[in-house]
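Below is one structure; the comments refer to it alone.
The values are calculated or read from the model by the stated rules, or taken from the named source; none is laboratory data. On a predicted model such as this, the values are computed, not experimentally measured, just so you know. Positions of Cβ are backbone-derived with ideal geometry, glycine not excepted, and every protein chain shown enters the neighbour counts. We work out accessible area using only protein heavy atoms, side chains counted, and drop any ligands, DNA or RNA first. Shrake-Rupley method; radii C 1.70, N 1.55, O 1.52, S 1.80 Å.
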Amino acid sequence: MKMKPTLLAALGAFAVAAPAFAADIRVEDPFARVSSIMAQSGAAFMRIENHGDTDDRLIAAQSDVAQRIELHTHIEDDAGVMRMVEVEAGFAVPAGGGHMLERGGDHVMFMGLTRQLEHGDEITLTLVFETAGEMTLSVPVDLERQPDHGHSHGHGHDHSHDHDHSHDHGNGHEHEHGHEHGHECGHSHD
């Protein structure tokens, strides 16, 4: 049976837009971005929901798009400087609840990109959960999406102002950057 190209395109669009599942975990609206086409780092964001009765935890992520992938968050130090740090314990995803990976907050960090990421590209990302196991999904690169300053996820953060950023990856190297809060840095973390 021969399928028409429009039907194939519609099925392909549904596959990208459809949420991903692993056990009771569901991922919605994943996207990745870089600060510029020549960036050496980038990040992925999404909403993770746990429809089960047991708490779970995102403990790792894997992809061939970067030499190193870590789970990161932003914290503000006593001087008001935002620092991006690795969260080795991962992110809790409570039973019947969820966890938002968003710009200026928790996210999957890609360091040492193995290729340029352009708007419209897709990357394969595997999320590793403590209980649910691995979930592999296709993540579109969206360089046009603007931060959602009006969002309300119960975090109580105002991401609409500028900060100096300092990145500490636990290896004794710290990088500081002055750029708008929530944008990924285009530098190498080697």
Legend entry - Gyration tensor verdict on the stretch 34-111 (Cα atoms; rounded if a/c is under 1.5, prolate if a/b is larger than b/c, oblate otherwise): oblate
Legend entry - Residue-count net charge about GLU49 - beta-carbon cut-off 12 Å; Lys, Arg +1, Asp, Glu -1: -2
Inset, instruction - Just reorder THR73, THR54 by solvent-accessible area, largest first, 1.4 Å probe, all chains present. - result: THR54, THR73
Inset, instruction - With all protein chains present, calculate the accessible area of HIS74 using a 1.4 Å probe and round the result to the nearest 10 Å². - result: 30 Å²
Legend entry - Charge context of LEU71, other residues only, Cβ under 9 angstrom, K/R +1, D/E -1: -4
Legend entry - Environment charge at THR136 (Cβ cut-off 13 Å; Lys +1, Arg +1, Asp -1, Glu -1): -3
